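Have a look at the structure below, then the notes.
The values are calculated or read from the model by the stated rules, or taken from the named source; none is laboratory data. These figures come from a predicted structure and were not determined experimentally. Note that each Cβ is placed from the backbone with ideal geometry, even for glycine, and that neighbours are counted across all protein chains shown.
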Amino acid sequence: MSAPPPTDADLARLARRAGERLLAARLRVALAESCTGGWVAKALTDVAGSSQWFERGYVTYSNVAKQEALGVRAATLATHGAVSGPTVSEMASGALRASGADVAVAISGVAGPDGGTPDKPVGLVWFGVARHADGRAGSEESLRYAGDREAVRRAAVAHALELIATAATRA
């Protein structure tokens, strides 16, 4: 049995923690969101004082937006697809480069209820993280969430907030 999706209170707590860590480290964050549609940015900017550590967010839902706003290469999208490690790595690096922030997190996935394939099933979400401290090197990971579209997106937002908090302590 899978865990219930994070509540609004859970997301608020995670966003506050991410903000506290960013502020303590004097870092600014940028986001590149696809399947979460700006929800991570909303969670972060719901925190009072977020202007001290939130730089900007990019909602790049289409492949064209990923290319134009973040510099994701057409060859990456053609070879790996939008929901892939190479794509979120390029999204995070592109957000970092375009924004001048210190940390960037990217998210792309299949939230459902349709759109899944055997290789990329509904619930698969890829996350990318890039930090100036790493020389813009991106790291990526994937997770698969159960549940409906809302549950998948909530879980992805929660994980992205955790990644931001972790990146702030490592930068």
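Quick look at the numbers
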item	result
Criterion: of a type in the set (D, E, K, R) and touching a residue at least 24 places away in the same chain (Cβ under 8 Å) - qualifying residue of Lys42, Lys66	Lys66
Residue match in region 45-59 (condition: over 24 Å from Ala24 (Cα atoms), among the small types (Gly, Ala, Ser) and assigned to a helix (DSSP H, G or I))	no
Any hit, region 138-148, residues being on the phi > 0 side of the Ramachandran plot, at pLDDT below 95 and either polar (S, T, N, Q) or surrounded by fewer than 15 Cβ atoms within 10 Å (Cβ to Cβ) (or both)	no
Condition check for Leu77: in contact with a helix residue (DSSP H, G or I) (Cβ under 8 Å, 6 or more places away or on another chain), over 21 Å from Arg154 (Cβ atoms), part of a helix (DSSP H, G or I) and not charged (D, E, K, R)	yes
Members of region 80-96 that are in contact (Cβ under 8 Å) with a residue 24 or more places away in the chain and part of a helix (DSSP H, G or I)	Gly85, Pro86, Thr87, Val88, Ser89, Glu90, Met91, Ala92, Ser93, Gly94, Ala95, Leu96
Residue that is nearest to Glu150 (Cα to Cα) [pool: residues in region 13-36 that are within 10 Å of the chain's Cα centre (by Cα) and not hydrophobic (A, V, I, L, M, F, W, C)]	Thr36
Condition check for Val72: part of a loop (DSSP other than H, G, I, E, B) and modelled with pLDDT of 95 or more	yes
Subset of region 98-118 that is β-branched (Val, Ile, Thr) and in a strand (DSSP E or B) - its residue that is surrounded by the fewest Cβ atoms within 10 Å (Cβ to Cβ)	Ile107
Meets criteria (under 17 Å from the mean Cα position of the chain (by Cα) and touching a residue at least 60 places away in the same chain (Cβ under 8 Å)) for Trp53	no
Residues of region 5-39 that turn out to be without any contact (Cβ under 8 Å) to a residue 40 or more places away in the chain and either buried (at least 24 other Cβ atoms within 10 Å of the Cβ) or under 30 Å from Gly81 (Cα atoms) (or both), as a count	2
